[in-house]
Amino acid sequence: MRLERLADLCAQVPGPQMTDALIAILNDSEPRVRVAAGEALRDLGYERYAEVARGIERALDGGADGLAMSELPWVLAEIAEPSALPLLRRFLDHRSADVVAAAIEALAQLQDPDAIPDLERFLGDARMVVIEDFEDETKTTLGELAADALEMLPVESEG
(Lines give C-alpha, C1' and ligand atoms only; values in the text may rest on other atoms or scores of the structure.)
Protein backbone atom coordinates (compact mmCIF):
# COMPACT_ATOMS: atom_id res chain seq x y z
CA MET A 1 0.00 0.00 0.00
CA ARG A 2 2.90 2.34 0.74
CA LEU A 3 4.42 1.68 -2.66
CA GLU A 4 1.09 2.43 -4.34
CA ARG A 5 0.95 5.81 -2.62
CA LEU A 6 4.62 6.45 -3.37
CA ALA A 7 3.98 5.78 -7.05
CA ASP A 8 1.22 8.38 -7.04
CA LEU A 9 3.48 10.91 -5.32
CA CYS A 10 6.42 10.25 -7.65
CA ALA A 11 4.28 11.08 -10.67
CA GLN A 12 3.67 14.56 -9.24
CA VAL A 13 7.36 15.45 -8.84
CA PRO A 14 9.35 16.25 -11.97
CA GLY A 15 12.83 14.94 -12.54
CA PRO A 16 14.77 11.89 -13.62
CA GLN A 17 15.04 10.48 -10.08
CA MET A 18 11.27 10.23 -9.80
CA THR A 19 10.94 8.55 -13.20
CA ASP A 20 13.63 6.06 -12.19
CA ALA A 21 11.82 5.50 -8.87
CA LEU A 22 8.57 4.74 -10.70
CA ILE A 23 10.36 2.23 -12.93
CA ALA A 24 11.85 0.62 -9.82
CA ILE A 25 8.40 0.43 -8.20
CA LEU A 26 7.08 -1.11 -11.44
CA ASN A 27 9.45 -3.99 -10.75
CA ASP A 28 7.57 -4.99 -7.56
CA SER A 29 6.09 -8.48 -7.40
CA GLU A 30 2.69 -7.26 -6.17
CA PRO A 31 0.34 -6.70 -9.15
CA ARG A 32 -1.51 -3.81 -7.47
CA VAL A 33 1.78 -1.97 -6.97
CA ARG A 34 2.75 -2.52 -10.62
CA VAL A 35 -0.64 -1.23 -11.76
CA ALA A 36 -0.23 1.93 -9.65
CA ALA A 37 3.31 2.52 -10.93
CA GLY A 38 2.31 1.81 -14.53
CA GLU A 39 -0.62 4.20 -14.36
CA ALA A 40 1.58 6.85 -12.77
CA LEU A 41 4.18 6.43 -15.54
CA ARG A 42 1.48 6.57 -18.19
CA ASP A 43 -0.02 9.74 -16.72
CA LEU A 44 3.44 11.27 -16.40
CA GLY A 45 4.12 10.30 -20.01
CA TYR A 46 1.03 12.16 -21.19
CA GLU A 47 2.33 15.31 -19.54
CA ARG A 48 6.12 14.89 -19.82
CA TYR A 49 6.79 12.17 -22.37
CA ALA A 50 10.46 13.03 -22.92
CA GLU A 51 11.15 12.55 -19.22
CA VAL A 52 9.56 9.09 -19.22
CA ALA A 53 11.30 8.12 -22.49
CA ARG A 54 14.69 9.10 -21.06
CA GLY A 55 13.97 7.03 -17.93
CA ILE A 56 13.11 4.02 -20.07
CA GLU A 57 16.27 4.55 -22.11
CA ARG A 58 18.31 4.60 -18.88
CA ALA A 59 16.71 1.32 -17.83
CA LEU A 60 17.48 -0.24 -21.21
CA ASP A 61 21.03 1.14 -21.28
CA GLY A 62 21.62 -0.24 -17.79
CA GLY A 63 20.55 -3.74 -18.83
CA ALA A 64 17.54 -3.72 -16.53
CA ASP A 65 15.62 -6.94 -16.16
CA GLY A 66 12.56 -8.05 -14.24
CA LEU A 67 8.86 -7.37 -14.29
CA ALA A 68 9.23 -3.67 -15.07
CA MET A 69 10.81 -4.46 -18.42
CA SER A 70 7.72 -6.45 -19.39
CA GLU A 71 5.43 -3.61 -18.27
CA LEU A 72 7.22 -0.66 -19.88
CA PRO A 73 6.32 -1.58 -23.49
CA TRP A 74 2.65 -1.38 -22.48
CA VAL A 75 3.19 2.05 -20.97
CA LEU A 76 4.73 3.23 -24.23
CA ALA A 77 1.93 1.74 -26.32
CA GLU A 78 -0.74 3.38 -24.16
CA ILE A 79 0.89 6.80 -24.42
CA ALA A 80 1.29 6.17 -28.19
CA GLU A 81 3.71 8.99 -28.97
CA PRO A 82 5.17 8.87 -32.49
CA SER A 83 8.63 8.27 -31.04
CA ALA A 84 7.45 5.17 -29.15
CA LEU A 85 8.38 2.86 -32.03
CA PRO A 86 12.17 3.31 -31.74
CA LEU A 87 11.99 2.69 -27.99
CA LEU A 88 9.83 -0.40 -28.43
CA ARG A 89 12.33 -1.72 -30.97
CA ARG A 90 14.97 -1.70 -28.24
CA PHE A 91 12.82 -4.04 -26.14
CA LEU A 92 12.82 -6.51 -29.04
CA ASP A 93 16.55 -7.00 -28.47
CA HIS A 94 16.18 -7.80 -24.76
CA ARG A 95 17.60 -11.14 -23.60
CA SER A 96 14.33 -12.11 -21.89
CA ALA A 97 11.73 -13.75 -24.12
CA ASP A 98 9.01 -12.37 -21.82
CA VAL A 99 10.20 -8.81 -22.43
CA VAL A 100 10.33 -9.45 -26.17
CA ALA A 101 6.78 -10.87 -26.01
CA ALA A 102 5.55 -7.74 -24.23
CA ALA A 103 7.19 -5.58 -26.89
CA ILE A 104 5.58 -7.61 -29.69
CA GLU A 105 2.15 -7.22 -28.10
CA ALA A 106 2.76 -3.51 -27.53
CA LEU A 107 3.71 -3.08 -31.20
CA ALA A 108 0.42 -4.71 -32.18
CA GLN A 109 -1.43 -2.29 -29.92
CA LEU A 110 0.51 0.68 -31.31
CA GLN A 111 -0.82 -0.16 -34.80
CA ASP A 112 2.17 1.35 -36.63
CA PRO A 113 2.75 -0.32 -40.02
CA ASP A 114 6.42 0.66 -39.77
CA ALA A 115 6.73 -2.12 -37.17
CA ILE A 116 6.02 -4.85 -39.74
CA PRO A 117 9.71 -5.63 -40.50
CA ASP A 118 10.44 -5.68 -36.76
CA LEU A 119 7.74 -8.28 -36.19
CA GLU A 120 8.58 -10.34 -39.26
CA ARG A 121 12.04 -11.11 -37.88
CA PHE A 122 10.39 -13.13 -35.07
CA LEU A 123 8.16 -15.32 -37.27
CA GLY A 124 10.40 -18.35 -36.88
CA ASP A 125 11.30 -17.76 -33.24
CA ALA A 126 10.47 -20.89 -31.23
CA ARG A 127 11.11 -19.45 -27.75
CA MET A 128 8.16 -20.27 -25.52
CA VAL A 129 6.39 -17.59 -23.50
CA VAL A 130 3.34 -17.55 -21.27
CA ILE A 131 0.85 -14.80 -22.06
CA GLU A 132 -1.34 -13.80 -19.14
CA ASP A 133 -4.72 -12.37 -20.01
CA PHE A 134 -6.50 -11.52 -16.77
CA GLU A 135 -7.00 -14.97 -15.26
CA ASP A 136 -6.07 -17.05 -18.31
CA GLU A 137 -2.58 -18.14 -19.31
CA THR A 138 -1.65 -19.21 -22.81
CA LYS A 139 1.63 -20.81 -23.87
CA THR A 140 2.83 -19.74 -27.27
CA THR A 141 6.02 -19.06 -29.18
CA LEU A 142 7.39 -15.66 -30.02
CA GLY A 143 6.89 -16.61 -33.68
CA GLU A 144 3.18 -17.28 -33.18
CA LEU A 145 2.83 -14.08 -31.18
CA ALA A 146 4.54 -12.11 -33.96
CA ALA A 147 2.24 -13.68 -36.58
CA ASP A 148 -0.81 -12.70 -34.52
CA ALA A 149 0.56 -9.16 -34.12
CA LEU A 150 1.14 -8.85 -37.86
CA GLU A 151 -2.49 -9.77 -38.52
CA MET A 152 -3.57 -6.89 -36.29
CA LEU A 153 -1.48 -4.23 -38.04
CA PRO A 154 -2.95 -2.12 -40.83
CA VAL A 155 -1.48 -2.87 -44.23
CA GLU A 156 0.17 0.08 -45.92
CA SER A 157 -1.40 0.80 -49.27
CA GLU A 158 0.90 1.47 -52.15
CA GLY A 159 0.03 4.19 -54.39
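The values are calculated or read from the model by the stated rules, or taken from the named source; none is laboratory data. Worth saying up front: this structure is predicted, and the values here are computed from it rather than measured. Here Cβ is always computed from backbone atoms with ideal geometry, including for glycine, and neighbour counts include all displayed protein chains.
So the values come out like this:
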| read-out | value |
| --- | --- |
| Test: residue in region 120-140 that is in a helix (DSSP H, G or I) and either touching a residue at least 60 places away in the same chain (Cβ under 8 Å) or surrounded by 14 or more Cβ atoms within 10 Å (Cβ to Cβ) (or both) | no |
| Residue satisfying condition, being over 10 Å from the mean Cα position of the chain (by Cα), β-branched (V, I, T) and assigned to a helix (DSSP H, G or I), within set I116, I104 | I116 |
| Residue check, D43 modelled with pLDDT of 95 or more and either surrounded by fewer than 15 Cβ atoms within 10 Å (Cβ to Cβ) or more than 11 Å from the chain's Cα centre (by Cα) (or both) | no |
| In region 21-38, the residues that are crowded, with 17+ Cβ neighbours inside 10 Å and charged (D, E, K, R) | D28, R34 |
| Number of the condition not met by L92 [criteria: (1) among the hydrophobic types (A, V, I, L, M, F, W, C); (2) over 15 Å from the mean Cα position of the chain (by Cα); (3) within 24 Å of E39 (Cα to Cα)] | (2) |
| Filter result (at pLDDT 95 or above, aliphatic (A, V, I, L, M) and part of a helix (DSSP H, G or I)) within region 80-101 | L85, L87, L88, A97, V99, V100, A101 |
